[in-house]
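Accompanying notes for the structure given below.
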Amino acid sequence: MRARNLLMEQNVALDLARREAEMAIRARNDFLAVMNHEMRTPMHAIIALSSLLLETELTPEQRLMVETILKSSNLLATLINDVLDLSKLEDGSFELEATVFNLHTLFREVVNLIKPIAAVKKLSVVVSLSPDLPSCAIGDEKRLVQTMLNVVGNAVKFTKEGSISITATIAMPDSLRDSRDPEFYPVLSDGHFYLRVQVKDTGCGISPQELPHLFTKFAHSQNGSNKGYTGSGLGLAICKRFVNLMKGRIWLESEGIGKGCTTIFIVKLGISEDPALRFQQKLLPPIRAGQGEADPFGLKPAPKDEKNAIPSKIWHQRSF
């Protein structure tokens, strides 16, 4: 009888401790959410105004100071988002949202956000969209944008000169399985497709030995090639969590230091036939090849890639 009473007291104490822990987690997440919102608005204003200021006539010293403001603001804005997302991912309260969105417009928005930072370093950004890529998709648009911004942002950050190329295709069934990730089991089904995004840069590169560790929280390259670059070490770790939740995988490829880096991720999205978005797509500037100056987005046929060429199809490409 005494043992039974002791067990009941322990269970009551454990239940009370669990409830207190859950309340503390909710309070922390609520606080981070409020702070995230309150800090994001002025931070975006600083980023936008700094970008506009860079387009004016400045002395070399003034330009250097404004560029520092822009870089620091982008770093802080990323850190604010990462801390909130990591908190939710750690306690299991994070949930993906399923909405219908315009996939082509998503790529335009990502490039428009990255363009001011790339322009400071005089880097060209080229986007190639496969012609069979659906205009509309179903998935978590916000997290897909955040993943792309992290990946493309890293490419810009670690590239001093050259270019950044972004290629989006529908992943073929035979390319989904990879012996390097035996735990990834893609399941093809009607009404869904796997989006494959490849971001390639001409930056400092990464040694092959460090590639497997870059998706660990607070991981930084130790090869010395990234000297002078700052970051929290959370971006890729959070991207991996997002991609896993979207039933995909993400990995990096590099031939070594000084030879650039390629980041590839695959996510599963739903196919949408939403008539409202099809109408909206007609109202947006069209993505068409071969229009020359008549095309407001300056699109042109992408150079032919013999290895991944798609016969009898023209890729949509936009260069910035």
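The values are calculated or read from the model by the stated rules, or taken from the named source; none is laboratory data. Small disclaimer: the values here were computed from a predicted structure and weren't measured. A quick note on method: Cβ atoms are made from the backbone with ideal geometry, for glycine too, and the neighbour counts reach across all protein chains shown. The accessibility values were calculated without ligands, DNA or RNA, using every heavy atom of the protein model including side chains. Shrake-Rupley method; radii C 1.70, N 1.55, O 1.52, S 1.80 Å.
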(request) Go ahead and run the numbers for FRET between residue 1 and residue 22, Cβ-Cβ distance against an R0 of 30 Å, rounding to 0.05. (result) 0.40
(message) Run the numbers for residue 8 and residue 72: contour at 0.36 nm per residue of separation, minus the present Cα-Cα distance, in nm.
(response) 17.6 nm
(message) Need the full-extension length gain, residue 172 to residue 121, defined as separation in residues times 0.36 nm minus the C-alpha distance. One decimal, nm.
(response) 14.8 nm
(request) Cross-chain or 8 or more residues apart, Cα under 21 Å: how many lysine pairs in segment 120-176 fit that? Count them up, please. (result) 4
(message) How large is the accessible surface of residue 273 in square angstrom, using a 1.4 angstrom probe and rounding to the nearest 10?
(response) 130 Å²
(request) Using only protein heavy atoms and a 1.4 Å probe, report how much of residue 67 is accessible, in Å² to the nearest 10. (result) 40 Å²
(request) Evaluate E = 1/(1 + (r/R0)^6) for residue 257 and residue 65, where r is the Cβ-Cβ distance and R0 equals 30 Å; express this FRET efficiency to the nearest 0.05. (result) 0.45
(request) Keeping every protein chain in place, order 157, 247 by accessible area at 1.4 Å, biggest value first, i.e. largest first. (result) 247, 157
